[in-house]
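Some notes on the structure that comes next.
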Amino acid sequence: MKSLRIKSLFSSLVLFVLVSSPTLSSATSLGINYGQLGNNLPQPTDVIPLINSIGATKAKLYDANPQILSAFANTGIEFMVAIGNNLLSSMGDPQQALTWVKSNVQTYLPATKITGIMVGNEVLTLNNTELSNNLVPAMEGVYAALVSLGLDKSINVTTAHSLGVMESTYPPSAGAFQQDYKVYMQAILSFHVQTGSPFYINMYPFFAYTSSPSEVDLNYVLFEPNNGFVDPTTKLLYDNMLFAQIDAVYSAITLLGYKGVSICESETGWPSKGDADEVGATLDNAAKYNSNLIKMVAQNKVTPLGSSLDIYIFALFNENMKPGPTSERNFGLFEPDKMPVYSVRLTDGDTVSSSAVKRYNSLILLFFCIASIAIL
């Protein structure tokens, strides 16, 4: 009888969490980068309601953390796991790639919804010939492992690029890759066409603004009302930098002769704090950038050239162990204590704020207390 009561209480808890968590439209394609470079981050089980609270349906890791993948079993949240640059040379070996996929992907399926494997991060712009030469063989090795396990239809293989691979992004119609990277890009794009996987690239309008604040309109980079500009070739109006960057990448891909490759934004975000020379790194600007971005994804907005928004916001938490300027440790939507860094407006009438998350966490704690008493 007690086991039936516990099962009933557990089912009620699951229903409670699902109906209590604020969500966006089911049509959204919003993801979040779940980094772990902090010594004070919450346990993975405590992260689940935070991801739900911003309406994200996907999370991207920079590894294949077993604790996280196990904790998110049966949550329905899609995961992109990653293979570090240090493992690229070994992934070209079919047996080593198969071993990695079995240990880091297959073992968590189907409970944890792993839908992608990111092979390497910003490899080409490291200008390391050995790493660059190993990239496509590593992607091919991982894909072959998925095929052998019958997982290639449900899990894609890709890599993430820095926007530094671009030689030109303005105007969008003139988008082109750096000449030194074209031979690699051709092989990468051929892989995407053959496997049906998307092209991932990291885009940060913040860096363009902070490097030239007197020349870049702040409203243009924050998705706020502005006059924008018209591309002289396509005659299309661009009223925000992110859309212009996405379409510039589309033009660069097209220039190399590839079509049908979807573009995904593997990282984009805005820091809430920065050093004195990091102009624009403020709470207000971060709130505007991410709130406006989330609303556009929820509204299924597309770029002027028709690219949909498949976006992973950077990042879930402020990570205190990240190296570099102050901004690097302040891209998070949440503090390590799970409180929002600032209010994020999901829709015209819904926000995620510190008080909202506190109420949500309090309700969950209350439910657990009641459940515990009932079980006893």
Residue separation between D277 and S262 times 0.36 nm, minus their alpha-carbon distance, gives in nm 1.8 nm
Accessible surface ranking that places the most exposed of D180, D63 first, with a 1.4 angstrom probe:
D180, D63
Given the protein chains as shown and a 1.4 Å probe, how many square angstrom of E122 are accessible, to the nearest 10?
60 Å²
Could you tell me what percent of the accessible area of the range 175-330 is made up of carbon and sulfur, with a 1.4 Å probe and every protein chain present?
51 percent
Expressed as a whole number of Å, what is the distance separating the alpha-carbon centroids of the range 101-124 and the range 268-343?
25 Å
Could you list, in their original order, any pairs among K60/K235; K60/K259; K301/K322; K113/K295; K58/K235; K113/K235 whose Cα atoms are separated by more than 30 Å?
K60/K235; K301/K322; K58/K235; K113/K235
So what is the orientation-averaged projected area of the range 261-300, using the convex hull of its C-alpha atoms, in nm²?
3.7 nm²
Do any GluC sites (Glu not before Pro) in the range 131-221 lie in a loop, going by DSSP, with at most 12 other beta-carbon atoms within 10 Å of their beta carbon, and if so which?
E215
Calculate, in nm to one decimal, what L126 and N227 gain on full extension: separation in residues at 0.36 nm each, minus their alpha carbon distance.
32.7 nm
P(r) weight above 23 Å for the range 28-160, C-alpha pairs, percent
34 percent
Expressed as a fraction of 2.2 N^0.38 Å, the rule-of-thumb size for a compact globular protein of N residues, what is the C-alpha radius of gyration of the range 120-277?
1.14
Computed over the range 119-181, the distribution of all Cα-Cα distances in 5 Å bins, rounded to whole %, is 4, 17, 20, 18, 15, 13, 10, 4, 1
Loop-only trypsin sites (Lys or Arg not before Pro) in the range 112-214, please: DSSP not H, G, I, E or B, and at most 14 other Cβ atoms within 10 Å.
K153
Between the range 149-208 and the range 128-146, the Cα center-to-center distance that results, in Å
14 Å
Would you mind telling me the antiparallel percentage of the DSSP bridges in the range 108-266, rounded to 5?
30 percent
Globularity index of the range 166-225, i.e. its alpha-carbon radius of gyration over 2.2 N^0.38 Å:
1.45
Rounded to the nearest 0.05, FRET efficiency between T107 and K182 (Cβ-Cβ, R0 22 Å) equals 0.05
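The values are calculated or read from the model by the stated rules, or taken from the named source; none is laboratory data. None of the values given here were measured: they were computed from a predicted structure. Here Cβ is always computed from backbone atoms with ideal geometry, including for glycine, and neighbour counts include all displayed protein chains. For accessibility, only protein heavy atoms count, side chains too; no ligands or nucleic acids. Shrake-Rupley method; radii C 1.70, N 1.55, O 1.52, S 1.80 Å.
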